[in-house]
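Undergrad: Here it is, the structure, as structure tokens.
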Amino acid sequence: MVEMTDFLKILVVDDERDIRDGVERILKRMGYAVLKAGQGEEALEILEKETVDIAILDLKMPGMDGMELHQRIRDMDEKIIVIIITGYATIETAIEAMKQGAYDFIPKPFEPEHLRIVVRRAHEKLRLMAEAKALQAERARTLIDLDMEKSRIRTIVESLPTAVVVTNTSGEVVLMNPAFSRSLDLDVSAVVAGKKLASYVEDEGLCEMVLKLSRGELDAGGEPPSYELLVSDSKYLMARGQPVINENNECMGAVVTFSNITSLKMLDQLKSEFVAKVSHELRSPLSTIHEQLAMVLKETSVHETDVDQHLIERAKEKTHGLISLIGDLLDLSRIEAGGISHNIQSIQVADLLKSIVEFLGIRAQSKDQALSFEPPSGELPLFTADPMALESIFGNLIANAINYSPQGASIIVKAALAGNSIQVQVTDNGFGIAPKYHDQIFERFYRVKDDNTRYITGTGLGLPIVKGLVDSMNGTIKLDSDVGKGATFTVLLPV
Ligand code: ADP
């Protein structure tokens, strides 16, 4: 960039030596380097060898005149700024020269200040021209960089082994990679982006999740939302999405990745089948042992010592625990295999709850607990389900409330209609559960072990069974609880 202090070179061409020297003095004092020529040819020779920024030309010179020289200079280097010096008689010629591109003219005779003003202005013009050129170069460079960056990112996305799809705020696919087409068994060469996600994937649940993400309607914080989808007979994919948020915190769309979880699913299935088989095989002999122990206890109580009796009692308790564990495991495998609703009936949920509360009331009484049922204000609509499933859900929740509350606690079971769903709440004022365990307790075998619960026996399978059953009825289960504040489990089952 040319600055005022830059070392500019100015060529002065005038046949009058006094003027040449006078101009040179003024310009040198301004800090410029000055070259001089007494006529046109000499000026051109200098220009062949030197780079000049400004040329000051006298119009009237013997031989080549200023007009012709101006033309020759323009032919040589358009960037040189030409200033014409002229007597009054040739003003018109000067105007002509300006029309042809000369920058300015100075009529003779002139004051030094006039020359200085014109040269400063020419200098300023040079500076602006250099600045504009630099800016233009900068812009071109930025555009090239951007373009390179864009194509680099595109190449990386295309080469990713993981399936990726990017949508805009309307849920239209703006970018997808070949791995995505392959994962969904689409023809890689025929599929092009630009349409709604539903044009590529039929799964409604997935499309709905991605649309919500794209519109910024799903929370961006925490774990990215995920969705499991079945592509073909036995191909399972796990989709994970994240909204794309720009620097102004606006949602621009969503990016979704897909991973193949078929082998995990198969493994899980094998494991469930194995557990089911083993449980099934163990149940009968264990039940037999349990019964035999009960018999032994009954028959030998008179003869055996207290110690023996105590040992047999313990063995009977343990086998009972094992039998209920096996029962839970078999229930879980049935739920996982989707074979739970054999006996679908119309059920009056309030009646069913009342009978469960009555049945478990005996257990509550043994702990001096008040277990009560608060019936709905109006009649609940009939609910269609397998009564065993409902008994299992609410039986487990109420039994837990009894188990995890101290002597004298109170437990309330409420039923109501909430929109199109039946809502059942089981509330206790017992030990409560710290929020950090709220997700984990629904996992298989997870049990919270603290000073209050350490000595309470259980399998850690009750809540996974409850959750599996509620899910299979398209319902939801929610927990409000904290340590020392009791717990409320709310189940919503769509009618
Ligand atoms: P289990 O009762 O056999 O241990 P669950 O799956 O039914 O298994 O429950 C898992 C854990 O959740 C329990 O071990 C207990 O720590 C906790 N829990 C369940 N219900 C309650 C409740 N009403 N109050 C406090 N803790 C509970």
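The values are calculated or read from the model by the stated rules, or taken from the named source; none is laboratory data. Computed from a prediction, not measured in an experiment: that's the story for all the values here. Backbone-built Cβ (ideal geometry, glycine too); neighbour counts: all protein chains shown. Surface areas here come from the heavy atoms of the whole protein model, side chains and all, with no ligands, DNA or RNA. Shrake-Rupley method; radii C 1.70, N 1.55, O 1.52, S 1.80 Å.
Undergrad: Compute the FRET efficiency between Gln136 and Lys196 as 1/(1 + (r/R0)^6), taking r as their Cβ-Cβ distance and R0 = 56 Å, and round to the nearest 0.05.
TA: It comes out at approximately 0.85.
Undergrad: Return the subset of Lys277/Lys414; Lys212/Lys467; Lys49/Lys125 for which the Cα-Cα distance in this structure is over 27 Å, preserving the input order.
TA: Lys277/Lys414
Undergrad: In Å², and per residue, what accessible area does the stretch 110-193 have when probed at 1.4 Å with the other protein chains present?
TA: Roughly 63 Å² per residue, with all protein chains present.
Undergrad: Another one. Given R₀ = 41 Å, FRET efficiency for Ser226-Glu124 by Cβ-Cβ distance, to 0.05?
TA: So the FRET efficiency works out to roughly 0.05.
Undergrad: Further question: Calculate, for the stretch 321-455, the solvent-accessible area per residue in square angstrom, rolling a 1.4 angstrom probe over the heavy atoms of the protein chains.
TA: Dividing the accessible area of the stretch 321-455 by its residue count gives 53 Å².
Undergrad: Let me ask something additional. Show me the GluC sites (Glu not before Pro) within the stretch 17-63 that DSSP assigns to loop and that have at most 16 other Cβ atoms within 10 Å of their Cβ.
TA: Glu50
Undergrad: Moving on. With r defined as the distance between the Cβ atoms of Ala418 and Lys449 and R0 fixed at 51 Å, what FRET efficiency is calculated, to the nearest 0.05?
TA: 0.90
Undergrad: Continuing with this model, one more query. Could you work out how far apart the two model spin labels at Glu96 and Glu208 are, taking each label as a point 7 Å from the Cα in the direction of the beta carbon, and quote it in nm?
TA: In this crude spin-label approximation the distance works out to 8.5 nm.
Undergrad: Whenever you get a sec, compute what percent of the accessible area on the chain sits on carbon and sulfur atoms (1.4 Å probe).
TA: Solvent-exposed carbon and sulfur of the chain make up 53 percent of the total.
Undergrad: Full-extension gain between Asp482 and Asp145, please, as 0.36 nm times their residue separation minus the C-alpha to C-alpha distance.
TA: Taking Asp482 through Asp145 to full extension adds about 115.9 nm, to one decimal.
Undergrad: Here's something else I'd like to know. Label points 7 Å out from Cα along the Cβ direction at Asp233 and Phe274: separation in nm?
TA: Simple spin-label model gives 2.5 nm for this pair.
Undergrad: I've got another one for you. I want to check the label-to-label distance for Gln242 and Asp471. Put each point 7 Å from Cα in the C-beta direction and report it in nm to one decimal.
TA: For Gln242 paired with Asp471, the spin-label model returns 2.5 nm.
Undergrad: Also, I was wondering about something else. Considering only the chain, what is the antiparallel percent among its DSSP beta bridges, to the nearest 5?
TA: 70
Undergrad: Another question about this same structure. Could you please state, rounded to a whole Å, how far the C-alpha centre of the stretch 425-458 is from the C-alpha centre of the stretch 70-104?
TA: The stretch 425-458 and the stretch 70-104 have Cα centres spaced 95 Å from each other.
Undergrad: Which trypsin sites (Lys or Arg not before Pro) does the stretch 448-495 hold that lie in a coil by DSSP with at most 12 other beta carbons within 10 Å?
TA: Qualifying residues, ordered by number: Lys449, Arg454.
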